[in-house]
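The values are calculated or read from the model by the stated rules, or taken from the named source; none is laboratory data. Just so you know, these numbers come straight off a predicted model, no measurement behind them. Glycine gets a Cβ as well: all are built from the backbone with ideal geometry, and neighbour counts include every protein chain shown. Note: areas computed on protein heavy atoms with side chains; ligands, DNA, RNA excluded. Shrake-Rupley method; radii C 1.70, N 1.55, O 1.52, S 1.80 Å.
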Amino acid sequence: MKKTKLGLPYTYQKCPELFDDFDAPDDINEKNAVVEKLLRQQGVKTVLDHACGTGAQVFFLTQHGYKVTGADFSQDLVNIARAKASKEKLDIQFIDGDMRTLKVAQFDAVITIASAVGHLTKKGFEKALRNINANLVKGGIYIFDIFNLQAMNDKTVAELAMFRNLKKAELQIYTAQCSSIDRENGLLTSYDVCMIQQKAKPPTIINDNFTLQIYTSKEIKEVLNRNGFEILNQYDMKGLDFLEDKSLSILTVARKK
Ligand SMILES: C[S@@+](CC[C@H](N)C(=O)[O-])C[C@H]1O[C@@H](n2cnc3c(N)ncnc32)[C@H](O)[C@@H]1O
């Protein structure tokens, strides 16, 4: 198999202060509401968000009465989450750590939302699954989403393109992103250009690309089965029935065997 470095988007490391503007999509709370409904159906009370970023799901679920712990291996993003919790006077534990290795405690559920597992190689995903399993109580629930390889035809990949501009304090920020797919290896690559301009000074221009490992629903079922989980159901990101060649993402609900 071709060796490809997966990598992380520039906002995670070089401009974490832009993460909430560029990496938290407008419909994030609709997705969070779908995740919350699935957790509620399973009677979950305690949740470990094992790729929490700046806390999009952590804060949403806390507001809905869950006891949530957030963890992420990006210290910068976790520090933003901590600052938000402190500003809102919320008692939430955030931990710096890697979902492949960090053990916190045993939770009713673990979540990794917004294609976070796509940053892992296939081997890394299997390691993360075994670690997630160890962070769950017996019969605990794992919920995660990832882009659906089977739905990545030329049209859907072209439609992933995004152009955005944003004014933030004295900064004017323009970004463009488009994607390509290596179907044979399940590798979805995003190409980004970001221009950040302050007043009339020459802009800082960032060129970046990163690759996500994506899967078919069959591959997801097989990898979960191999690593101590049974699949309860798969949905699209609206919580509707998953359609193999149409749903852009696979939202999986699995139970620790
Ligand atoms: C698209 S962001 C999603 C963050 C958050 N769930 C949200 O919806 O805003 C993906 C996150 O996965 C985290 N991540 C990637 N690989 C990781 C790993 N091995 N361990 C922990 N976090 C990881 C990144 O740092 C980033 O915060």
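Quick notes on this one:
- Test result for Val58, in the same structural domain as Phe144 (by TED's automatic domain parsing), touching a Lys or Arg at 6+ places or on another chain (Cβ under 7 Å) and assigned to a helix (DSSP H, G or I): no
- Among the residues of segment 68-95, those that are open to solvent by 40 Å² or more (accessible area, probe 1.4 Å) and touching an Asp or Glu at 6+ places or on another chain (Cβ under 6 Å) comprise Phe73, Gln75.
- Checking Ala85, Ala105, Ala109 one by one, the residue that is within 19 Å of the chain's Cα centre (by Cα) and either of a type in the set (D, E, K, R) or in the same structural domain as Gly228 (by TED's automatic domain parsing) (or both) is Ala109 and no other.
- Pairs, first under 9 Å from Phe60 (Cβ atoms) and part of a helix (DSSP H, G or I) in segment 21-35, second modelled with pLDDT of 90 or more and within 11 Å of the ligand (Cβ to nearest atom), C-beta under 6 Å, six or more apart: Ile28/Ala56; Asn32/Gln57; Asn32/Phe60
- Selection count, segment 70-80, where residues are among the hydrophobic types (A, V, I, L, M, F, W, C) and more than 15 Å from the chain's Cα centre (by Cα): 1
Residues are listed down the side, and each one gets a yes or a no for (1) within 11 Å of the ligand (Cβ to nearest atom); (2) within 25 Å of Thr62 (Cβ to Cβ); (3) assigned by TED's automatic domain parsing to the domain that holds Leu39; (4) free of Cβ contacts under 8 Å to residues at least 40 places away in the same chain:
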{"residue": "Ile113", "(1), (2), (3), (4)": "yes, yes, yes, no"}
{"residue": "Leu120", "(1), (2), (3), (4)": "yes, no, yes, no"}
{"residue": "Asn131", "(1), (2), (3), (4)": "yes, yes, yes, yes"}
{"residue": "Asn135", "(1), (2), (3), (4)": "no, yes, yes, no"}
{"residue": "Gly139", "(1), (2), (3), (4)": "no, yes, yes, no"}
{"residue": "Ile143", "(1), (2), (3), (4)": "no, yes, yes, no"}
{"residue": "Lys167", "(1), (2), (3), (4)": "no, no, no, yes"}
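- Residue satisfying condition, being crowded, with 19+ Cβ neighbours inside 10 Å, touching a residue at least 24 places away in the same chain (Cβ under 8 Å) and in contact with a strand residue (DSSP E or B) (Cβ under 7 Å, 6 or more places away or on another chain), within set Leu38, Leu8: Leu38
- Residue, most open to solvent (accessible area, probe 1.4 Å), within segment 220-241, restricted to residues that are assigned to a loop (DSSP other than H, G, I, E, B) and either over 19 Å from Gly186 (Cα atoms) or in contact with a Pro (Cβ under 7 Å, 6 or more places away or on another chain) (or both): Lys238
- Between Asp49, Asp98, the distinction of being acidic (Asp, Glu), within 9 Å of the ligand (Cβ to nearest atom), open to solvent by 10 Å² or more (accessible area, probe 1.4 Å) and within 15 Å of the chain's Cα centre (by Cα) belongs to Asp98 only.
- Considering only residues in segment 52-67 that are within 14 Å of Ile80 (Cβ to Cβ) and open to solvent by 10 Å² or more (accessible area, probe 1.4 Å), the one that is nearest to the ligand (Cβ to nearest atom) turns out to be Ala56.
- Looking only at residues of segment 242-251 that are in a loop (DSSP other than H, G, I, E, B) and not charged (D, E, K, R), we find that the one that is most open to solvent (accessible area, probe 1.4 Å) is Leu243.
- Any hit, segment 177-197, residues being over 20 Å from Tyr12 (Cα atoms) and at pLDDT below 95: no
- Checked against the criteria, Met195 does not count as open to solvent by 50 Å² or more (accessible area, probe 1.4 Å), under 22 Å from Ile113 (Cα atoms) and outside the structural domain of Gln41 (by TED's automatic domain parsing).
- Only one of Asp154, Asp145 that is of a type in the set (D, E, K, R), at pLDDT 95 or above and open to solvent by less than 30 Å² (accessible area, probe 1.4 Å): Asp145
- Within segment 101-113, considering residues that are out of contact with any strand residue (DSSP E or B) (no Cβ under 7 Å at 6 or more places or on another chain) and of a type outside the set (D, E, K, R), the one least open to solvent (accessible area, probe 1.4 Å): Ala105
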